[in-house]
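These notes are about the structure you will find just below.
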Amino acid sequence: MVKHLSKLSLLDPILVPMHNVFWMTTWTIKDVLEWAAADFKKRSYDHPRLEAEVLLAHVLSIPRINLYTEFDRPLIEEERTAYRNAILRRQTGEPAAYIVGHKEFWSLDFDVTSHVLVPRPETELLVATALKIAIPTGPFLDLCTGSGCVAIALASECRKAEIDAVDISPQACEVARRNALRHQVEARVTVFEGDLFAPLPMGRTYAAITANPPYVRNSDMAALAPEVLQEPDIALAGGTDGLDVTRRIVANAPSRLMPGGALIVEIDPRQATALLNEVGPNHFNAKGELLRDLAGQARAIIWQHRAL
Ligand code: GLN
């Protein structure tokens with residue numbers, strides 16, 4: 001039966017041939033999920049089933065887990081139309097997170113708009129590392145904060161810490177502030193609009209600075225996956241070798257770190273060697289260390305500014 005259905009289009013009422021008579025039947029949650037996941041798989045999306053579920057849960061306004069408890073529930077026409085529209089948007093390259101308006105990061109749900117980078121699982125490495133090395137009272141600084149996911153994850157883990165978050169995009173700052181409110185950390189997370197360190201209070205230093213700057217090389221921009229191309233250029237494009245913003249962060253971070261504090265920056269794995277080699281003792285008094293994400297990729301570098 002399922003095999004049969006998967007050949008049919010979600011766009012049409014289902015007609016199932018049976019004894020030469022066509023019976024109109026219905027689409028259940030299970031049916032549409034299988035249909036959408038198979039379609040997304042054919043299109044080589046990274047997480048076809050997950051995206052099919054995220055979109056359907058959004059359309060039905062139910063938590064994703066309920067898709068499983070209501071597996072055999074038939075969809076009414078309006079629900080099917082809404083799901084079809086969401087699928088069409090995804091198929092034209094829009095990230096699922098923009099369609100549904102939120103994305104999970106560090107087990108928290110974040111508001112997301114097309115003005116911010118979609119939080120990615122590999123960026124959780126910044127949070128995990130800051131928690132491991134820095135004193136839990138902070139204060140912390142998160143540059144290029146976007147949705148605010150790193151800053152707010154830190155704030156939710158370190159209940160006493162103050163966190164400053166900076167983004168150059170006013171729309172991103174708005175999203176970050178909304179997320180801070182949503183997670184009830186707005187009293188401890190201050191969002192500054194401006195260029196890297198420029199808007200911060202004079203003389204303020206931090207136990208850890210995190211950043212997921214734009215680091216895609218200009219020449220790689222056009223070849224990004226269609227859903228990445230819909231994310232803001234300002235959150236992605238990092239200049240000729242992708243390191244324009246990263247270099248400015250590295251140059252200015254030491255004067256903003258407390259003794260023993262650390263800078264933790266996300267990178268493209270291909271930038272690791274060049275960056276480790278060019279950042280010398282005139283920046284930090286200890287060598288940078290490579291950090292790997294769950295996929296084993298060199299995903300971030302930490303420079304710890306040792307207390308002398
Ligand atoms: N990891 C992103 C990508 O998909 C890049 C994010 C960034 O530039 N900070 O290429």
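Since every read-out is calculated from the coordinates, none of them should be taken as a lab result. Predicted, not measured: the structure shown is a model, and the values here were computed from it. Glycine also receives a Cβ, built like all others from the backbone with ideal geometry; neighbour counts cover every protein chain displayed.
With 10 Å bins beginning at zero, the pair-distance distribution over Cα atoms of the range 169-299 amounts to 11, 35, 38, 16, 0 %.
Rounding to the nearest 10 and keeping the result within 0 to 90°, find how far the Cα-based axis of helix 29-42 lies from the longest principal axis of the chain. Roughly 60 degrees between the two axes.
What translational D, rounded to a whole number of µm²/s, comes out for the range 17-118 from Stokes-Einstein when the hydrodynamic radius is the Kirkwood one over Cα pairs, at 10 °C and 1.306 mPa s? Display every interim value, and only then the final one.
Values: Rh = 14.6 Å.
Using the Kirkwood radius from Cα pairs, D works out to 109 µm²/s.
Karplus-based coupling profile of the range 254-261, in residue order and whole Hz: x, 6, 10, 9, 6, x, x, x, with θ = phi - 60° in 6.51 cos²θ - 1.76 cosθ + 1.60 and x standing for Gly or Pro.
Taking all Cα-Cα distances within the chain, those exceeding 35 Å account for 29%. Placing pseudo-labels 7 Å out from each Cα toward the beta carbon at R84 and A251 gives an inter-label distance of 5.6 nm.
Which order do the peptides 159-165, 148-154 take when ranked by the mean count of other beta-carbon atoms within 10 Å per residue, highest first?
Values: 159-165: 19.9, 148-154: 29.9.
For the peptides 159-165, 148-154, the packing ranking is 148-154, 159-165.
Among the chymotrypsin sites (Phe, Trp or Tyr not before Pro) in the range 89-137, none is located in a DSSP loop while being surrounded by at most 11 other Cβ atoms within 10 Å of its own Cβ. Per-residue packing, averaged as other Cβ atoms within 10 Å, sorts the ranges 235-242, 129-136, 52-59, 262-269 into the order 262-269, 52-59, 235-242, 129-136, beginning with the highest.
Take every Cα pair under 8 Å whose residues are at least 6 apart in sequence, average their separation, divide by the length of the chain, and the relative contact order is 12 percent.
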